[in-house]
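**Student:** Mind having a look at this structure? Questions to follow.
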Amino acid sequence: MSAIMARSKTRAQSAPAKPCAYSYVRFSTPEQARGESFRRQIEAARAYAAKHGLVLDESFRDEGVSAFKGKHRDERAALGAFLKRVESGDVAKGSYLLVESLDRLSREEVVDALELFLGLTRNGITIVTLTDQRVYSRASLRADQTQLIISIVVMSRAHEESALKSKRVSDAWAAKRQRAADDKQAMTARCPGWLELVGGPKSGQYIEIPKRVEIVQAMFVDTIAGLGRRSIQAKLNADEVPTWGTGKKKGQYWHDSYIAKILSNPATFGRYVPRGKLAGGSDATAEAAIDEYFPAIIDEETFWAAQVASKMRGFGKGTPGRRKNLLSGLVRCEACGSN
């Protein structure tokens, strides 16, 4: 009996470990997480791993991450973390990477996508595309070069689709910016807390919320008179002035950080400064600003007077022996846009 048990134990010890498979799930928009995309991708990976006797790791997921410009390869993203583990040897050679299709792996330009694809196979990773059940490995690519041609065609199509979509979205935002500049048409339903959009982005207009406008105007008066943000905050909370927002976004108390955002917001004198790149933001922010876009609740002179008053409150403070520049942050270079 003991001999039988010993032989059984020896066979168990000598049995090869199952290969590891890593599922990589990615989708571009948060809305897809609530739909079929995630479920479809993960269930296909589980089915493949079960059929081929693979140990599945489901931890690599990039939810709401685009693969068009390579953000998913950043070290903070799941694919970036996986690539780092491959390079360090933490992911063993002979492991599998399961993706729904090659466009989940990348939608970058073909040269970049191909570099990623070949880099994985060069490091001993077998890539499986679950939709068409194709298996790409270093050995299979050498044996059948049509696999490489097929992969390049798929990558090219994926990039072209994303590039076309990006252009359409960019053109749509450009048209919105033009209508906003020419006709003051609302670009979005989002607006400062003292305003509301009536009628929808395409045909509506921003109107003032009187009680909130009074609060903002009082903030500027108090700031110019010498009150600091914390004093204004304490005053609002002491008077039990209701905070803005709805649901989870509605705070219980006023905070000085929010008051600072209001006081530094040029929307108070009607200027719209886009923040997103598609809306004309980022490096193009200064050029993309649209005056008289919002209803002005103060004049521009009052706005800048409040900025100077805020700076004056901190004037003279700081490291001994160093003088504080009163105009710091208020003046920008016309050529480069720097402070």
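The values are calculated or read from the model by the stated rules, or taken from the named source; none is laboratory data. As the structure is a computational prediction, the values presented were derived from the model and not from experiment. Ideal geometry is used to build each Cβ from the backbone, glycine not excepted, and the neighbour counts take in all protein chains shown. Just the protein is used for accessible areas: all its heavy atoms, side chains included, with ligands, DNA and RNA removed. Shrake-Rupley method; radii C 1.70, N 1.55, O 1.52, S 1.80 Å.
**Student:** With a 1.4 Å probe and all protein chains left in place, how much of the accessible area of the stretch 96-226 comes from carbon and sulfur atoms, in whole percent?
**Tutor:** Details: 3700 of 7100 Å².
Roughly 52 percent of what the probe reaches on the stretch 96-226 is carbon or sulfur.
**Student:** What is the sum of charges around D57, taking Lys and Arg as +1, Asp and Glu as -1, for the other residues whose C-beta is under 13 Å from the C-beta of D57?
**Tutor:** Numbers: positive: K18, R46, R61, R85; negative: E58, D90.
Taking every other residue near D57 into account, the sum is +2.
**Student:** If you build the convex hull over the alpha carbons only and average its shadow over all orientations, what do you get for the stretch 67-150? Give it in nm² to one decimal. If you can, show how the numbers build up before the last one.
**Tutor:** Numbers: hull surface 20.5 nm².
If you wrap the Cα atoms of the stretch 67-150 in a convex hull and average its projections, you get 5.1 nm².
**Student:** Still on this model: From the Cα gyration tensor of the stretch 100-257, with a ≥ b ≥ c the square roots of its eigenvalues, which class applies: rounded if a/c is under 1.5, or else prolate if a/b is larger than b/c, or else oblate? Numbers along the way, then the final one.
**Tutor:** On the way: a/c = 4.18, a/b = 2.51, b/c = 1.66.
Here the stretch 100-257 falls in the prolate category.
**Student:** Also, quick follow-up: Mind jotting down a quarter of the surface of the convex hull over the alpha carbons of the stretch 165-260, in square nanometres, one decimal? If you can, show how the numbers build up before the last one.
**Tutor:** Numbers: hull surface 34.0 nm².
For the stretch 165-260, the mean projected area of the Cα convex hull comes to 8.5 nm².
**Student:** Counting only other residues whose beta carbon sits under 15 Å from that of G193, what net charge do I get with K and R as +1, D and E as -1? Walk me through the numbers before you get to the answer.
**Tutor:** Working: positive: R190, K211, R212, K249, K250, K261; negative: E196, E208, E214.
Taking every other residue near G193 into account, the sum is +3.
**Student:** If you count, for each residue, the other Cβ atoms within 10 Å and average over each peptide, how do 94-105, 68-79 line up from highest to lowest?
**Tutor:** Values: 94-105: 21.8, 68-79: 17.3.
Ranked by mean Cβ neighbours within 10 Å, highest first: 94-105, 68-79.
**Student:** Also, quick follow-up: Over the stretch 237-277, with the other protein chains present, what is the accessible area per residue in square angstrom, probe 1.4 angstrom?
**Tutor:** Values: 2700 Å² over 41 residues.
Each residue of the stretch 237-277 exposes 66 Å² on average to a 1.4 Å probe.
**Student:** Another question about this same structure. How much net charge surrounds I297 when only the other residues with a Cβ under 10 Å from the Cβ of I297 are counted, with Lys and Arg +1 and Asp and Glu -1? Walk me through the intermediate numbers first.
**Tutor:** On the way: positive: R212; negative: E208, E214, D299.
Summing Lys/Arg as +1 and Asp/Glu as -1 gives -2.
**Student:** From zero outward in steps of 10 Å, how is the percent of C-alpha pairs of the stretch 17-170 spread across the bins?
**Tutor:** Taking every Cα pair in the stretch 17-170, the percentages come to 11, 42, 38, 8, 1, 0.
**Student:** Could you pull the accessible area for R229 with a 1.4 Å probe, rounded to 10 Å²?
**Tutor:** 110 Å²
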